1. Here is a check on your reading of the model: is S119 of a type in the set (S, T, Y) and open to solvent by less than 50 Å² (accessible area, probe 1.4 Å)?
2. Could you tell me how many of the residues in segment 160-175 are closer than 18 Å to E192 by Cα and hydrophobic (A, V, I, L, M, F, W, C)?
3. With the requirement that a residue be open to solvent by less than 70 Å² (accessible area, probe 1.4 Å), more than 13 Å from the chain's Cα centre (by Cα) and not basic (K, R), what does segment 174-184 give you?
4. Looking at segment 147-164, is at least one residue within 19 Å of W91 (Cβ to Cβ), modelled with pLDDT of 95 or more and surrounded by 16 or more Cβ atoms within 10 Å (Cβ to Cβ)?
5. If you go through segment 182-199 one residue at a time, do you hit one that is touching an Asp or Glu at 6+ places or on another chain (Cβ under 6 Å) and not hydroxyl-bearing (S, T, Y)?
6. Which number in (1) open to solvent by 10 Å² or more (accessible area, probe 1.4 Å); (2) under 23 Å from D51 (Cβ atoms) marks the one condition that S108 misses?
7. Considering only segment 185-202, state which residues are under 21 Å from the mean Cα position of the chain (by Cα) and exposed (fewer than 13 other Cβ atoms within 10 Å of the Cβ).
8. V209 versus (1) in contact (Cβ under 8 Å) with a residue 12 or more places away in the chain; (2) surrounded by fewer than 16 Cβ atoms within 10 Å (Cβ to Cβ): which is the lone unmet condition?
Amino acid sequence: MTALFAALVFVSATQAQTLSTPFRKTAVSYFETGAQQQWDEWETPTPDAQDSDSEVNRDFGTWRSDLEFNNPDNYPSNPANIWTAASQDSWIDEASGNFWCYGYALASIYVQGDAESDSESRFRFDVQLDNTGRVVLQGMIGVSNFFGSDQAHDTSGEAKVVVRVIDRSNNTNVYRKVVSMNAVSSARYIDEFEFDDLEVELSAGTYRVVINAFAYDEAIYDQVNFSLANAFVELEGWVEED
């Protein structure tokens, strides 16, 4: 009887919620044009350097992605530094409903001329609940104008982290938390939000859990003395059904 009871509990637990549609992505892009290439009346100048890259994962389990552009190849002759990076180290467990997501999106510019730095880290999955349940979150999200020992010396670009639980039946937010910054000064800046076992209560239905980080900066015929915008995520959580 004890063994049978344990087996039934195990089956019930593994079928308590159904996870589907995992999607994780990192993406980075940049371009820069030195001040020696003046804008004319009819067209923008051809960039001196530009590139983009992205990686996507649609499977359960662990995934690691690190993308970065830093110091274009022509830096000695055209001193511009467009630093763009996106990183994600994450896990989604289909059986237990546990997940974690660590990563960041960073955009930095050091240029006299025109430039753009753009990065993102996306994380999401869907969950089907046959009964009431909840998504539990613990950890931290935030934005800053520094990264490690690198500190902005000019006005930052934009950085934003968005955490959402979406009701898929009507595409509305059951829960939404955003931490963002835009054009903060060169003084050291950080804004964080901590999830202390936050419980998002849910009715029976289908939901989407979303954790996204974005960073963006641009210069339009300007002199930027090292801007930096960083959006970071350090979150763990799980889905449970009553």
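The values are calculated or read from the model by the stated rules, or taken from the named source; none is laboratory data. In this text, all values refer to a predicted model and were calculated from it rather than measured experimentally. Note that we place each Cβ from the backbone using ideal geometry, even for glycine, and neighbour counts take in every protein chain shown. Please note that ligands, DNA and RNA were not included when accessible areas were found on the heavy atoms of the full protein model with its side chains. Shrake-Rupley method; radii C 1.70, N 1.55, O 1.52, S 1.80 Å.
1. yes
2. Final tally of qualifying residues: 3.
3. Those that are open to solvent by less than 70 Å² (accessible area, probe 1.4 Å), more than 13 Å from the chain's Cα centre (by Cα) and not basic (K, R): V174, Y175, M181, A183, V184.
4. Yes: segment 147-164 contains one or more residues that are within 19 Å of W91 (Cβ to Cβ), modelled with pLDDT of 95 or more and surrounded by 16 or more Cβ atoms within 10 Å (Cβ to Cβ).
5. Taking every residue of segment 182-199 in turn, at least one turns out to be touching an Asp or Glu at 6+ places or on another chain (Cβ under 6 Å) and not hydroxyl-bearing (S, T, Y).
6. So S108 meets the others, but not (1).
7. Result: E194, D196, D197.
8. It is condition (2) that V209 fails.
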